[in-house]
Amino acid sequence: MMTLASIEVVEGADSDIVSLLDTVGLPRPDNSPIAFWKLAQGQSCVGVVGAERWGSVALLRSLAVKPTARQRGFATLLIRVALESLQQQGIREVWLFTETAHDCFLEWGFLDRPRLDGPRVIQTSHEGRGACPASAALMALDLTRPVLRVRRAGTTDAAAIAHIYNQGIRTRLATLETAERTPEDRAVWLTERSVRFPVLVALDAQGVVGWLSLNPFSPREAYRSVADVSVYVDGRARRTGVGSRLLQAGMTEASRQGFHKLVLTLFPENHAARALYLRYGFQSVGILREQGVLDGRWRDTEMMDYLLPSRSVAWAAR
């Protein structure tokens with residue numbers, strides 16, 4: 001039977017932490033005051049992450065998981081615990097340097113920043129002065145927003161996706177669909193999607209709180225660089241920033257997949273969703289009058305679009 005893991009906060013690096021950092025090739029900490037979250041199984045230290053703090057700014061550092069304990073979700077657990085703890089302490093910005101975990105931190109909402117953009121305390125930290133090589137990326141996270149991880153969905157997320165979608169169906173404000181979905185239906189839907197049209201899920205400490213899908217706009221070749229986007233947020237998490245994080249991640253993923261344009265349709269009276277899309281640069285294309293029948297009456301829908309960073313026609317035709 002697997003031994004349960006526990007996390008304790010340690011001020012300064014003890015011998016277990018130093019040994020683990022040496023094992024994974026990360027720099028040892030200097031004499032700066034650093035708080036570490038130490039993950040243990042039994043008597044063995046299997047993971048650690050640290051943070052240096054200056055007022056409302058923190059540097060996340062030294063994320064390490066023992067090689068024999070990887071692929072168990074320990075890094076995810078450590079990051080969440082550290083970020084939520086820093087948030088509770090009043091930290092508003094978290095910075096970090098990374099060479100090997102860039103995509104991991106993107107999932108948490110960290111954004112790339114030019115090396116010279118970091119606050120002076122970050123640039124003059126042990127890592128900023130050279131403990132981390134010049135090739136390391138500098139990233140920052142706005143910690144005034146909820147701590148969320150956004151990742152690609154898998155079939156284990158099917159039940160949560162169905163639950164959230166069915167909430168939207170019942171409101172009669174999110175979709176023209178009326179038939180509720182089952183977890184089995186959503187599992188098939190997920191497995192049939194291509195890599196180019198992912199579903200992303202946002203997770204808080206309790207689980208999935210929202211999802212976004214990139215969908216084919218048209219089967220015609222001329223439209224292969226246009227994607228339709230859908231966003232759904234759990235009722236318990238609305239107006240907390242989940243939609244924003246999903247949309248940011250979806251737009252980033254759409255650019256990565258080579259899309260030129262995103263389109264969507266919504267009910268004009270869905271003011272919260274409309275405000276979200278306008279805030280992120282979507283523009284109204286127009287009203288499609290009496291576009292569909294819902295509960296026996298015609299409903300108008302509004303089309304909106306967004307042009308992603310430019311791609312050449314030759315690139316789009318590949």
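The values are calculated or read from the model by the stated rules, or taken from the named source; none is laboratory data. This one's a predicted model, so the numbers in the text were calculated from it and none came from an experiment. FYI the Cβ positions are ideal-geometry reconstructions off the backbone, even for glycines, and counts take in every protein chain you see.
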### Query
Do the conditions hold for residue 125, that is, is it surrounded by 18 or more Cβ atoms within 10 Å (Cβ to Cβ), farther than 29 Å from residue 204 by Cβ and among the polar types (S, T, N, Q)?
yes
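If only one of 162, 174 is outside the structural domain of residue 49 (by TED's automatic domain parsing), modelled with pLDDT of 95 or more, outside any helix (DSSP H, G or I) and surrounded by 16 or more Cβ atoms within 10 Å (Cβ to Cβ), which one is it?
Exactly one of 162, 174 is outside the structural domain of residue 49 (by TED's automatic domain parsing), modelled with pLDDT of 95 or more, outside any helix (DSSP H, G or I) and surrounded by 16 or more Cβ atoms within 10 Å (Cβ to Cβ), namely 174.
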### Message
Suppose we filter 222, 202 for residues that are in the same structural domain as residue 239 (by TED's automatic domain parsing), surrounded by 12 or more Cβ atoms within 10 Å (Cβ to Cβ) and of a type in the set (Gly, Ala, Ser); which single one remains?
### Response
202
### Message
Which residue is surrounded by the most Cβ atoms within 10 Å (Cβ to Cβ), if the candidates are limited to region 1-59 and must be under 22 Å from residue 119 (Cα atoms) and aliphatic (A, V, I, L, M)?
### Response
58
### The lone exception for residue 212 - which of (1) closer than 23 Å to residue 53 by Cα; (2) aliphatic (A, V, I, L, M); (3) not in a helix (DSSP H, G or I) it fails
(1)
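Matching residues to (1) under 19 Å from residue 172 (Cβ atoms); (2) in a strand (DSSP E or B); (3) at pLDDT 95 or above:
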{"site": "269", "(1), (2), (3)": "yes, no, yes"}
{"site": "273", "(1), (2), (3)": "yes, no, yes"}
{"site": "278", "(1), (2), (3)": "no, no, yes"}
{"site": "285", "(1), (2), (3)": "no, yes, yes"}
{"site": "290", "(1), (2), (3)": "yes, yes, yes"}
{"site": "300", "(1), (2), (3)": "yes, yes, yes"}
{"site": "303", "(1), (2), (3)": "no, yes, yes"}
{"site": "309", "(1), (2), (3)": "no, no, no"}
### Message
With the structure loaded, tell me whether residue 112 is free of Cβ contacts under 8 Å to residues at least 12 places away in the same chain, within 25 Å of residue 130 (Cα to Cα) and under 19 Å from the mean Cα position of the chain (by Cα) or whether it fails that test.
### Response
no
### Qualifying positions in region 133-152 - part of a loop (DSSP other than H, G, I, E, B) and touching a helix residue (DSSP H, G or I) at 6+ places or on another chain (Cβ under 6 Å)
143, 147, 148
### Selection from region 225-253 of residues that are more than 26 Å from residue 80 (Cβ to Cβ), of a type outside the set (Gly, Ala, Ser) and crowded, with 20+ Cβ neighbours inside 10 Å
229
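Could you list, in sequence order, the residues of region 177-199 that are of a type in the set (Ser, Thr, Tyr) and either buried (at least 18 other Cβ atoms within 10 Å of the Cβ) or over 22 Å from residue 257 (Cα atoms) (or both)?
The initial filter retains those residues of region 177-199 that are of a type in the set (Ser, Thr, Tyr), namely 178, 182, 191, 194.
Of everything in region 177-199, those that are of a type in the set (Ser, Thr, Tyr) and either buried (at least 18 other Cβ atoms within 10 Å of the Cβ) or over 22 Å from residue 257 (Cα atoms) (or both) turn out to be 178, 182.
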### Summary
Per the filter on region 250-267, residues outside any strand (DSSP E or B) and either among the acidic types (Asp, Glu) or in contact (Cβ under 8 Å) with a residue 40 or more places away in the chain (or both) are 250, 251, 252, 253, 254, 255, 257, 258, 259, 260, 267
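Each row is one residue, and each column tells you yes or no for (1) closer than 20 Å to residue 282 by Cα; (2) in contact (Cβ under 8 Å) with a residue 40 or more places away in the chain.
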position: 184; (1), (2): no, no
position: 187; (1), (2): no, no
position: 201; (1), (2): no, yes
position: 218; (1), (2): yes, no
position: 226; (1), (2): yes, no
position: 248; (1), (2): yes, yes
### Task
Can you tell me which residue within region 115-148, out of those that are in contact (Cβ under 8 Å) with a residue 40 or more places away in the chain and of a type in the set (S, T, N, Q), is nearest to residue 212 (Cα to Cα)?
144
### Query
Can you pull out the residues in region 60-102 that are surrounded by 18 or more Cβ atoms within 10 Å (Cβ to Cβ), in a loop (DSSP other than H, G, I, E, B) and among the basic types (Lys, Arg)?
66
